[in-house]
1. Cβ-Cβ below 8 Å, separation at least six or inter-chain, first residue in the range 211-229 and within 19 Å of D247 (Cβ to Cβ), second of a type in the set (D, E) and at pLDDT below 95: which pairs?
2. In the range 4-32, which residue that is acidic (D, E) and without any contact (Cβ under 8 Å) to a residue 60 or more places away in the chain is farthest from G50 (Cα to Cα)?
3. Against the condition part of a loop (DSSP other than H, G, I, E, B) and charged (D, E, K, R), how does D382 come out, does it pass?
4. Out of everything in the range 11-47 that is over 16 Å from the mean Cα position of the chain (by Cα) and not in a loop (DSSP other than H, G, I, E, B), what residue ends up being surrounded by the fewest Cβ atoms within 10 Å (Cβ to Cβ)?
5. Look at S99 and say whether it is more than 30 Å from I233 (Cβ to Cβ), free of Cβ contacts under 8 Å to residues at least 24 places away in the same chain and exposed (fewer than 13 other Cβ atoms within 10 Å of the Cβ).
6. Select, from G50, G130, the only residue that is within 31 Å of the chain's Cα centre (by Cα), within 24 Å of L151 (Cα to Cα) and more than 15 Å from ligand 1 (Cβ to nearest atom).
7. When you scan the range 132-147, do you find a residue that is touching a helix residue (DSSP H, G or I) at 6+ places or on another chain (Cβ under 9 Å), outside any loop (DSSP other than H, G, I, E, B) and among the hydrophobic types (A, V, I, L, M, F, W, C), even just one?
8. Can you name the number of the only condition in (1) of a type in the set (F, W, Y); (2) without any contact (Cβ under 8 Å) to a residue 60 or more places away in the chain; (3) not in a helix (DSSP H, G or I) that W288 fails?
Amino acid sequence: MLSPEENELLTRVGPGTPMGTLMRRYWVPALLAEELPEPDGAPVRVQLLGERLVAFRDTAGRVGLLAEACPHRGASLALGRNENHALRCIYHGWQFDVSGRCLDTPSEPADSTYRERVRAQTYPVREVAGVVWTYLGPPDKLPHFPEYRWLQLYPTQSAAFKLLEECNYAQALEGGLDLAHAPILHRYSPWSVRSADVRQQNLAPRHEVRDTPYGLQYGAIWRTEGGQQHVRILPYIMPWWTIVAPDAFGGRPASADRIVNAWVPRDDTTTWHFQYFFNPEEPIDVEWRKQTAGFHIDAEYRKTRNLDNWWLQDREDMKLRSMSGIDGIVTQDHAVNESQGPIVNRSKEHLGASDAAIVGMRRLLLRAARDVVQGIEPPGLDPAIPFDRITSATFDAPADVPWYEATPAR
Ligand code: FES
Ligand SMILES: [Fe+2]
């Protein structure tokens, strides 16, 4: 349970809020590279952490990310003409390049040097493995870019997706830090039918959390026969990342496939859910992944199965084939998160033993948000952290060995 004040601290991410200040200290996945498919193409409106931005790919292929409002009188630069290495506002024709420099002010006198004193607000951009990233924090605090493993495997062994999740980031992230729900919500059988899978036989494993330099390591541990334990390990990487442990899902046997989630706040009540699908050992099957996840989205990356149509929950399917009656793992996750309301009231909740990682994540984020406004540096930014080695794991080991010693994941 959180007090109303703590819930506000956790969930508000706009400019000037403590959590917003914290999150602005990390590199942020901003949009998919596919949204800017060609030089001089249409600019794209991007909203991140409550800020309205515009992204464009200029004549030379460089990506710029600018505040959406034109510095002249605030018209949207997303309406602008993208040509000749710059974005030209359609209102009075002022023109800005990817660095924010003002190149032209045609509505001012010909001898005016005003443009030399006008700049568009810009943010640093990196285009990495199918995603355009940005950094929205103070320039002198620009962090080391985290060279995660899945970024190095693009494009044959890694792919990136995004979709809109219509609730606050924190409840979406909590769903990712909850290994108890997977064998319940995501089961491909009605509630009354259980498979032989140990995780469906025993729905209440032990849940344990350990601090790491990047965030947390979360383990769910099932005792199995012969003095063994079955373990799933999932890292939480500050401030919004998780890596799902390899699993048998979607009717396929377990493989080295992994899913990475990032829940990036769009504003306080909507979230960009970025996913990477990757396999460190072999090429991935992207179409299969999209189908299993239930990626049914419109041109704005909004789900076509959403709160407005109750995620097309099918009661007949619930009787015969599935726990939820909702198509696709990601849609199922979004349905339960979005059904909590735009911002869930955590003063009304009743946390259980299965919520250990959620408690750990909140503790970490709340402390870091309070600290950052006092000038204390946030965790998870140390360039010495081996970002490329952070991963998840599913394994069996003797029950008398601590899971965090037995794990191949760090
Ligand atoms: S508002 Fe953009 S040029 Fe005037
Ligand atoms: Fe889930």
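1. Cβ pairs passing all conditions: T224/D396; Q228/D396; Q229/D396.
2. Checked the range 4-32; the qualifying residue farthest from G50 (Cα to Cα) is E5.
3. yes
4. Among residues in the range 11-47 that are over 16 Å from the mean Cα position of the chain (by Cα) and not in a loop (DSSP other than H, G, I, E, B), the one surrounded by the fewest Cβ atoms within 10 Å (Cβ to Cβ) is E34.
5. The answer is no for S99.
6. When all the criteria are applied, what remains is G130.
7. Scanning the range 132-147 turns up at least one residue that is touching a helix residue (DSSP H, G or I) at 6+ places or on another chain (Cβ under 9 Å), outside any loop (DSSP other than H, G, I, E, B) and among the hydrophobic types (A, V, I, L, M, F, W, C).
8. It fails just one condition, (3).
The values are calculated or read from the model by the stated rules, or taken from the named source; none is laboratory data. What you are looking at is a predicted structure, and each value in this text was computed from that prediction instead of being measured. Heads up, the Cβs are rebuilt from the backbone with ideal geometry, glycines too, and the neighbour counts pull from every protein chain shown.
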